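Here's the structure, in structure tokens; my notes come after.
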Amino acid sequence: MSVVICLFGKNGFDRAAQGVAGAGRRLASELGTSLQAIILGTAESAMLDSIKAVADGVSVADQAELQAYQPESFLTAAAQLCAELAPQAVLLANDAYSQEMAARLAFRLGGSAAGDVTEITVHGGKVRARRSVYGGKAEAVIQLNRTPAVLWIRARAFDPAPSSDVNAEIKHASVSLPDTRTQIVERKSESSGEARLEDAQLIVSGGRGLGGPEPFEDLKAL
């Protein structure tokens, strides 16, 4: 058994990925098992070096078909690599790709899924996930009885993994991918020119109560 973290190479080792790695390391320690990392697509050396210092093993699937996100290809690759590792839990970040894959990956692995997780605990050998419900007015604790528990976690809800002397071996894996049933016709990427919310130390927001666009200039000054 193991705990697996599934990351996308193109995202790098950002704050969200650091949180996934930290949550995975602590969950693996609580379960008394190893932490295995799966990286889909090509990852920069800085990301690999960071993962090597956290996980006990790293598998990178970076063949040509995985350089651009395709739901079926990435899902198939993740399912194959996870099946080889016999995970008790699989953790993903909160990006759109991870949210799209989590429930489908759980189904393929015969497990159960939960999303927007802010806390992970273990009770009687079962993984429990805490998440906000009713617009943040309450919290639900979900026990995932079917293994593996596949969770995508909220950005910045978990601290990065503590420093360690781990230096995992990187394995370049080859997976068998299906013919894709979808075709990417065009991709557009637009920059907002602002800092990412996930990386902000302080967030100042305004709403309709400000009465118009002018007061937002005062908020920008903060």
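Some notes on this structure:
- Within the range 149-200, the residues that satisfy the criterion of being part of a strand (DSSP E or B) and either basic (K, R) or over 17 Å from P71 (Cα atoms) (or both) are A149, L151, I153, I170, K171, H172.
- Whichever residue in the range 38-55 is modelled with pLDDT of 95 or more and touching a Phe, Trp or Tyr at 6+ places or on another chain (Cβ under 9 Å) and, among such residues, is farthest from P71 (Cα to Cα): I39
- Residue within the range 163-180 that is surrounded by 11 or more Cβ atoms within 10 Å (Cβ to Cβ), closer than 29 Å to I51 by Cα and touching a Pro at 6+ places or on another chain (Cβ under 8 Å) present: no
- Top-ranked residue in the range 183-222 [being open to solvent by less than 80 Å² (accessible area, probe 1.4 Å) and not hydrophobic (A, V, I, L, M, F, W, C); ranked as nearest to the chain's Cα centre (by Cα)]: E198
- Conditions (1) free of Cβ contacts under 8 Å to residues at least 40 places away in the same chain; (2) farther than 21 Å from R108 by Cα; (3) not β-branched (V, I, T): number failed by A83: (2)
- Meeting the requirement of 1 or more residues that are open to solvent by less than 10 Å² (accessible area, probe 1.4 Å), in contact with a Ser or Thr (Cβ under 9 Å, 6 or more places away or on another chain) and closer than 26 Å to S132 by Cα, the helices (runs of 4 or more DSSP H) wholly within the range 10-122 are 15-31, 96-109.
The values are calculated or read from the model by the stated rules, or taken from the named source; none is laboratory data. These figures come from a predicted structure and were not determined experimentally. Because the Cβ atoms are built from the backbone with ideal geometry, glycine has one as well, and the counts that use them run over all protein chains shown. Keep in mind that these areas ignore ligands, DNA and RNA; they rest on the heavy atoms of the full protein, side chains included. Shrake-Rupley method; radii C 1.70, N 1.55, O 1.52, S 1.80 Å.
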